[in-house]
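Have a look at the structure below, then the notes.
The values are calculated or read from the model by the stated rules, or taken from the named source; none is laboratory data. Note that the structure is a prediction, hence the values are computed from the model and not measured. Ideal geometry is used to build each Cβ from the backbone, glycine not excepted, and the neighbour counts take in all protein chains shown. Only protein heavy atoms, including side chains, enter the accessible area calculation; ligands, DNA and RNA are left aside. Shrake-Rupley method; radii C 1.70, N 1.55, O 1.52, S 1.80 Å.
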Amino acid sequence: EHRMSTLEVKGIQAPSGYDLQMPAGNIIQVVQGSATTQVSNSSTTAFIEYTQLSTSITPKFANSKILVTLSSSMRVWGSLNQSSADHYIARNNVQVSGLYSIYTYDYGNSGVQPRILQTAVHLDSPATTSAVEYSSWMKLTSGSNCGWGASGAYSTITLMEVAG
């Protein structure tokens, strides 16, 4: 005769010196950074980092993936009617995502600086249990200036460790 049992526990803890293994796809930890500082870049050759938004995470497992979600107030403007910029996500100051492009058009060349909410998502495999830092980098491709934020504009970067 088979009898069904119910196991009730308040929590599960790994033995001392071990980390509890989670099934693939589960979120292990979440870290978020934010910034409200205005930063701009007028260079068409050099990407600059939005250092105020740089955020670190220390993966618990070397086979984890890090899901990076960037949501930032960005702008690009210039003396030309159409202005553009490229930006990317970096890990430890090295580009890991593709290039995301931003375009604005100033009708009548009135000098306004349109701001857009730019979102970028990248799934990274850092293959380490050491701290890694993620950040946003941008450079101008046409126009006179590009940048993040405005006075008080809110930008976030969210890092989620996903079990591998």
Tell me, what ³J(HN,Hα) does each residue in the stretch 17-26 have, in order and in whole Hz, if you take phi through Karplus 6.51 cos²θ - 1.76 cosθ + 1.60 with θ = phi - 60° and put x for Gly and Pro? x, 10, 9, 5, 6, 9, x, 3, x, 6
What is the percent carbon and sulfur in the accessible area of the stretch 1-121, measuring with a 1.4 Å probe over the protein chains and ignoring ligands? 49
Each residue of the stretch 40-52 in order: what ³J(HN,Hα) in whole Hz does its phi give by Karplus 6.51 cos²θ - 1.76 cosθ + 1.60, θ = phi - 60°, with x for Gly and Pro? 9, 9, 9, 7, 9, 10, 10, 6, 10, 9, 8, 4, 5
Under a 1.4 Å probe, what is the accessible area of the stretch 1-89 per residue, stated in Å²? 63
Residue-by-residue Karplus 3J(HN,Hα) for the stretch 136-143, coefficients 6.51, -1.76, 1.60, Hz, glycine and proline x: 10, 10, 8, 9, 6, 10, 7, x
Roughly how many debye, to the nearest 20, is the charge dipole of the stretch 1-123 about its Cα centre, given +1 on each Lys and Arg Cβ, -1 on each Asp and Glu Cβ, and no other charges? 80
Please state the relative contact order of the chain as a whole percent: Cα pairs under 8 Å, 6+ residues apart? 41
